[in-house]
Amino acid sequence: MSYLAGKELRIVGFLCNWCSYGGADTAGVGRFKQPTDLRIIRVPCSGRVNPLFVVKALLNGADGVLVSGCHPRDCHYSDGNFYARRRLEMLKRLLPFLGIDERRFHYTWVSASEGARWKNVVTDFTKAIHELGPFHQKEEKTECS
Amino acid sequence: MRVGVFICHCGNNIAGTVEVAKVAEAARMMPGVAFATTYMYTCSEPGQEEIKEAIKREKLDRVVVAACSPRMHEVTFRRTVEKTGLNRYFFEMANIREHCSWIGEDKELNTNKAIEAIKLAVEKAKQNKPLFPAKFKINKRVLVIGGGVAGMQAALDCADGGLDVVLVEKSPSVGGMMARLDKTFPTVDCSICILGPKMVDVSQHEKINLYAYSEIEEIKGYVGNYQIKIRKKATYVDWSKCTGCGACIEKCPSRNAFDYFNFGVAPARAINIPFPQAIPKKAKIDAQFCRQFIKGKCGVCAKFCPVGAINYEMKDEIVTEDVGAIIVASGYGLIDLDKLPEYGGGRYPDVISGIQYERILNASGPTSGHIERPSDHAEPKTIVFVSCAGSRDKSIGIPYCSNFCCMYIAKQAILTKDHIPDSRSYVFYMDIRSPGKGYDEFTRRAQEEYGVQYIRGRVSRIYPKGKKMIVKGADTLLGTQVEIEADLVVLATAVTATTDARTLAEKLHISYDPHGFYVESHPKLRPVETNTSGVFLAGACQGPKDIPASVGQGSAAAAKVLSIFSKDTLESDPQIARVNTNICVGCRKCIGTCPFGAIEEQQLRDGRIIANVIETVCAGCGICNSTCPCGAIQLQHFTDNQLLAEVNALCLT
Amino acid sequence: MSEKEYIYFPGCSLEASAIEYDMSVRKVLAALGVKLIEPDDWSCCGSTPAHSVDHVFAAAVAARNLAIVEKMGASTVITACPACLSAFKKAHLRMKKEEGFKKEVNAILDEPYNCGVTAKSVLQILVEDIGPKPVAEKVTLDFPDLKVAPYYGCIINRPPEIMEFDDPENPMAMDNLMTSVGVKVCDFAFKVECCGAAFGVAKRKMVNELSSKVLSMALDAGANCLVVTCQLCHQNLDLRQGQINNTMGSSFNIPVLFFTQVMGLTYGYSPQELGIDKHNIQAEGLLKTRRPVEERIKEEQEKAKAKKPKAKKAEEEES
Amino acid sequence: MEPINLTEKTDWQFIDQVKKESLQDPALCYQCGNCTAGCPYTKYFDYPVSQVMRLFQTGQKETILNSRSIWLCATCETCTTRCPCEIDIAHIMDVLRIIARRENYVSEKDVKTFYDSFLSSMKHHGRVFEVGILMGYNFKSGHLLADADLGPKILGKGKIHFLPTRIKGRDKVAEIFRKFQEMRKNRV
């Protein structure tokens, strides 16, 4: 593992290009200090996030997955985040059946201007994952890819 | 595959908290990476040259730049690699500044994070395929939303540049807030005298098609090809016949209608023309105050109209216009006085807002420019101005400065002295914000030449005592409480987004900030662009702004539109969905989910029905991609394989 | 009317110097079919002196009473005294919000408080739980000459995040209640100004000055009586009115009544039953002007009859 | 007025202490003066509220704790209600008063004496006994006849009890006092 064992956990974030990725940029420009665990994958829209990506990330080694898009009704593509919300809510309910604590997955909305909010989202989610601890030591899962 | 990795120091911005040399060293070890280096400023000209040389020298076929946000420089570097003959989509960017060096405090953790961000980008780049944009024709007409000074400027500049302009104004006349002002700072020239000619130009310009008293119903399409539905609200007056003679207004028996133009300073008639210089100068009926609509009988206006223009049966009408670009200049709103209960606004008639005072000062206003207070029409001798009435007030959710109140208060205080030489004006202020050209001199003039008393402190309460209003404030420079017995109190009420700003943004697919102001593409370098290509901003819809700034933005937005319309075709973004005809089973799920109607059925020669993406309509969101049960439809540049490569780069290794 | 039951916390003042407030609260609520249960062995809420010592201590003396109420199985306690109300609400909200604070408070209490009790004012339950209609139905006497200035005092609505009732700048609960019982209310600008609070003893002159402003603004507003919700305000405005006149050289002689007393008067209780005879400024003259409510109704009907034809005519002319 | 050497005279520890005890941040205050403007007691204060806030921002411990203002604040909550920066100023005043009491800075002896008299009544009887408080105050403050003029006005009206109401649980209230003292000792 290339993450710094003991100091960080693996958290993967899927961020929509228009709102949340911009919000994370805004947080950076504003120098809002955040925990470093999160790794960001840029997608055009939260509606592009296939729930399988989340499951794959968790089963393959991630300790937490965060999806963040535009606020409902503020989607760059009209309704993409509504699709995302429906799918991701369903996913949240299904995770326990896959042996995954649903708290390891979180989805939220952050707009491009909400740098401070982004910082809080990252800080809170990272804290929550650290409270849950590393996923794969506790719950030995067969790797699938 | 030979990937080249270029790591930017960005001066100290990145190198200060990330060990870039170590990052480069780690990058060299990544599978597929043939070359990795660091550079002080990769985006500089020599920085870009270095990339080009390295591509040739090292025979690189994929390029990763680890620097700032791709939202900042992706376009720059794509252009750089393209110049060497490489497809621009063979380029990937790793954000190690906004998402890394600026937010993490531990150098070791930051360095590691930067390495992982590059690994992710390298894996993605290895999966990238060449993509080629198509060209499409554009409709060189422009829609301007809002007929205030910013919108009119934009419309006139576009029209003078030869474009057909559709101008949509919500209220019955163009002119916006500026048409309500008496004078303008810092020159104290008459507002309508400088705005009037522009309003006439708008109405007479052959290239401008004005829809007054109309609103945007629906917006469909994309840059170059928008279809707009406009709701023409029922005026109950046939404007093709109305001559604006005013006979109907004179006879209207319903004399207690709310006067929107005058912000309720005096009552209006149910049928009205907002102000003498209105463009178009046509009457309209406010149905909620009209007896014909409330009681079902009256008909006075119809009886007196000399041209028979009154039509009580009129309905809203929807018209469609096709345009290629949109300029949003929808303006601002003001908080209601009753948001400030400690000031008694709305409860006591002699506590009014700055815009109401502006109407009282105005020669064409309800008092014909005579200053009188609402309660008893007496001429006030002591006038107190309260700045930041709601602005910079977190407790009511308005933490920002409203930008122009300091200046208009100084102007109103000066005008008050001009109107009533034996009056005394007091201004409660926290800071005097006057950074424009000639602005600070102007606020000094108010104090030095006109004897306006500036008191540094906020007002806590305003209450009536006899015929006076007691203003209880602080003078923090004296370090004490002060009280003024005023005849009239003017509150510089906070500027807000318009009440329907959010709804309009949602129709336009542009973002707004927590206060409802529209978000520009870049706060410094792209101030009139939005993140939706083809949609531009002008004026106070983006944030509180005075007249010069609004006019400047109107022209800037027009220049942006003229520049995209200078070509006959636009390049389409090839990052769109594509169907693999061999895999598609024709389940039609994607057709149902596409928000843009960009997917249609297509029958293959063998009779199979499959999905087909209409290239010019697809906006590239990828919703279809995550809907497709068999992975047949893939969003180019963000395919399942490409995203999974990123996931695996983070998790599996 | 459905029988309502509340746990009622009188507080120290309402047992002694403001006993008439207690009397009138009990009378009026009984008339409205509300049963009051006084918790056994309640103690002082701590008021201002306690929170000038320490916040944990202040919360503890208040929460001791909340714990007693909680043990009785109730989730609401009502009180007429704004100081008790404020002490209860502050203790409750902070203990609910901060786990550490709750622990500290409970550590010095004999019985722990588990944050299950909401404190409300008598005014609040009259407005929210009983409502204007039942309140109005009990009225038997009309008070044509009475014009009250409703004086809420400083803390019954403030700060709004803690008191969670009515508007902090322009409260209307008591205005509306007075209107419901047929009493004329003036627009009183000093509704929420401070009268000097608990400084009466230690800083008499200061309190006299502040209270005198409240009285003079009430007169300016055209009132001939102040109506209050707080016994400390009452003490400063009524009991100290003579002191005010001495200090300020004024000659105020304006009665100050508790809002429950005014309600009681319209319900037909005698001034003695409501303890009005215990006040410093007697309102005898005003009290004599009460008359059966039927008289007013009759008068109004006659007026309406006289007016109607004219009004109709005017309207026709206009259209 | 003496110039203040901010390098030497900024008590950073005091700023932190008040921040911690009040859970309020002085940096949020932009000195608009609204608190001073609305405060009914400004006239009687030696430092108006906004200046107390300023002294807090600049860490002027001695000046604040010696000020009369913190004792004359009646917690009427006007400042807190109207503060545009959502600072609970009344609570800060409260905390300053607590610190002043704890560290023996008492500029308004009468106010403290009255509070003490109140608390002692509460400690002994469980409820406060108004006549007792007044007598206790008059005795300790030396203002032997304070409010004596009010006596005739209420005598015979059934308002004055010459004996306190003693509750059964008064030992429990006294216990709160005792346990609190103990807790405070442990805190230090």
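The values are calculated or read from the model by the stated rules, or taken from the named source; none is laboratory data. Please read all numbers here as calculations on a predicted model, not as lab measurements. Glycine also receives a Cβ, built like all others from the backbone with ideal geometry; neighbour counts cover every protein chain displayed.
The table below gives the values:
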{"quantity": "Lone qualifier among B:Ile432, B:Ile414, B:Ile383 - being touching a helix residue (DSSP H, G or I) at 6+ places or on another chain (Cβ under 6 Å), modelled with pLDDT of 95 or more and part of a loop (DSSP other than H, G, I, E, B)", "calculated": "B:Ile432"}
{"quantity": "Boolean, B:Ala505 is touching a residue at least 12 places away in the same chain (Cβ under 8 Å), out of contact with any helix residue (DSSP H, G or I) (no Cβ under 8 Å at 6 or more places or on another chain) and crowded, with 21+ Cβ neighbours inside 10 Å", "calculated": "yes"}
{"quantity": "Filtered residues of region C:127-180 (kept if assigned to a loop (DSSP other than H, G, I, E, B), over 15 Å from the mean Cα position of the chain (by Cα) and touching a residue at least 60 places away in the same chain (Cβ under 8 Å))", "calculated": "C:Lys138, C:Val139, C:Thr140, C:Phe143, C:Pro144, C:Asp145, C:Leu146, C:Glu164"}
{"quantity": "Among the candidates C:Gly242, C:Gly222, residue that is within 21 Å of C:Asp145 (Cβ to Cβ), small (Gly, Ala, Ser) and either away from chain D (no Cβ under 14 Å) or assigned to a helix (DSSP H, G or I) (or both)", "calculated": "C:Gly222"}
{"quantity": "Qualifying positions in region A:63-75 - part of a loop (DSSP other than H, G, I, E, B) and more than 8 Å from chain B (Cβ to nearest Cβ)", "calculated": "A:Asp63, A:His71, A:Pro72"}
{"quantity": "Residues of region B:597-639 satisfying the condition of being closer than 25 Å to B:Asn128 by Cβ and without any contact (Cβ under 8 Å) to a residue 24 or more places away in the chain", "calculated": "B:Ala598, B:Ile614, B:Ser626"}
{"quantity": "The listed residue being within 30 Å of B:Val323 (Cα to Cα), touching a residue at least 12 places away in the same chain (Cβ under 8 Å) and out of contact with any strand residue (DSSP E or B) (no Cβ under 9 Å at 6 or more places or on another chain), out of B:Ala278, B:Ala247", "calculated": "B:Ala278"}
{"quantity": "Filtered residues of region B:193-207 (kept if surrounded by 15 or more Cβ atoms within 10 Å (Cβ to Cβ) and out of contact with any Leu (no Cβ under 8 Å at 6 or more places or on another chain))", "calculated": "B:Leu195, B:Gly196, B:Met199"}
{"quantity": "Complete set of residues in region B:1-18 that are in contact (Cβ under 8 Å) with a residue 60 or more places away in the chain, assigned to a loop (DSSP other than H, G, I, E, B) and small (Gly, Ala, Ser)", "calculated": "B:Gly16"}
{"quantity": "From B:Ile414, B:Ile455, residue being β-branched (Val, Ile, Thr), buried (at least 20 other Cβ atoms within 10 Å of the Cβ) and away from chain D (no Cβ under 14 Å)", "calculated": "B:Ile414"}
{"quantity": "Index of the failed condition, C:Met206 passing every other in (1) part of a helix (DSSP H, G or I); (2) buried (at least 24 other Cβ atoms within 10 Å of the Cβ)", "calculated": "(2)"}
{"quantity": "Residues of region B:62-110 satisfying the condition of being β-branched (Val, Ile, Thr) and surrounded by fewer than 23 Cβ atoms within 10 Å (Cβ to Cβ)", "calculated": "B:Val75, B:Thr76, B:Thr84"}
{"quantity": "Complete set of residues in region B:313-352 that are hydroxyl-bearing (Ser, Thr, Tyr) and either surrounded by fewer than 24 Cβ atoms within 10 Å (Cβ to Cβ) or out of contact with any Pro (no Cβ under 7 Å at 6 or more places or on another chain) (or both)", "calculated": "B:Thr320, B:Ser330, B:Tyr343, B:Tyr348"}
{"quantity": "Options B:Glu449, B:Glu441; residue that is surrounded by fewer than 22 Cβ atoms within 10 Å (Cβ to Cβ) and either outside the structural domain of B:Ile355 (by TED's automatic domain parsing) or over 32 Å from the mean Cα position of the chain (by Cα) (or both)", "calculated": "B:Glu449"}
{"quantity": "Pairs with Cβ under 6 Å, 6+ apart, first in region C:284-296 and of a type in the set (S, T, N, Q), second not in a strand (DSSP E or B)", "calculated": "C:Thr289/C:Asp145"}
{"quantity": "Qualifying residue in region C:191-203 (condition: away from every other protein chain (no Cβ under 14 Å) and either in a helix (DSSP H, G or I) or not hydrophobic (A, V, I, L, M, F, W, C) (or both))", "calculated": "no"}
{"quantity": "Condition met for B:Lys113 (in contact with a Gly (Cβ under 7 Å, 6 or more places away or on another chain), on the phi < 0 side of the Ramachandran plot, surrounded by fewer than 24 Cβ atoms within 10 Å (Cβ to Cβ) and at pLDDT 95 or above)", "calculated": "no"}
{"quantity": "Test: residue in region D:48-57 that is touching a residue at least 24 places away in the same chain (Cβ under 8 Å) and in a loop (DSSP other than H, G, I, E, B)", "calculated": "no"}
{"quantity": "Output for region C:8-40, where each listed residue is within 18 Å of C:Val262 (Cβ to Cβ) and of a type in the set (S, T, N, Q)", "calculated": "C:Ser24"}
{"quantity": "Looking only at region B:473-493, and only at residues there that are assigned to a strand (DSSP E or B) and small (Gly, Ala, Ser), the one that is surrounded by the most Cβ atoms within 10 Å (Cβ to Cβ)", "calculated": "B:Ala474"}
{"quantity": "Residue in region A:48-62 that is assigned to a strand (DSSP E or B), at the interface with another protein chain (Cβ under 7 Å from one of its Cβ atoms) and touching a residue at least 12 places away in the same chain (Cβ under 8 Å) present", "calculated": "no"}
{"quantity": "Of all residues in region D:97-121 being surrounded by 18 or more Cβ atoms within 10 Å (Cβ to Cβ) and over 16 Å from C:Thr48 (Cβ atoms), the one that is farthest from the other protein chains (Cβ to nearest Cβ)", "calculated": "D:Tyr105"}
{"quantity": "Residue list for region C:67-81, restricted to those being closer than 20 Å to C:Val25 by Cβ and not small (Gly, Ala, Ser)", "calculated": "C:Ile68, C:Val69, C:Met72, C:Thr76, C:Val77, C:Ile78, C:Thr79, C:Cys81"}
{"quantity": "Filtered residue count, region D:122-132, keeping only those that are more than 8 Å from chain C (Cβ to nearest Cβ), more than 20 Å from the chain's Cα centre (by Cα) and at pLDDT 85 or above", "calculated": "2"}
{"quantity": "Cβ pairs under 7 Å, 6+ apart, first in region D:133-150 and more than 7 Å from chain C (Cβ to nearest Cβ), second among the aromatic types (Phe, Trp, Tyr)", "calculated": "D:Ile133/D:Phe118"}
{"quantity": "Some residue of region B:326-333 being on the phi > 0 side of the Ramachandran plot and either in contact (Cβ under 8 Å) with a residue 60 or more places away in the chain or part of a loop (DSSP other than H, G, I, E, B) (or both)", "calculated": "yes"}
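Matching residues to (1) in contact with a Gly (Cβ under 8 Å, 6 or more places away or on another chain); (2) within 28 Å of A:Ala62 (Cα to Cα):
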| residue | (1), (2) |
| --- | --- |
| B:Met72 | no, no |
| B:Thr84 | no, no |
| B:Arg97 | yes, yes |
| B:Leu109 | no, yes |
| B:Lys119 | no, yes |
| B:Lys124 | no, yes |
| B:Lys129 | no, yes |
| B:Pro133 | no, no |
| B:Lys137 | yes, no |
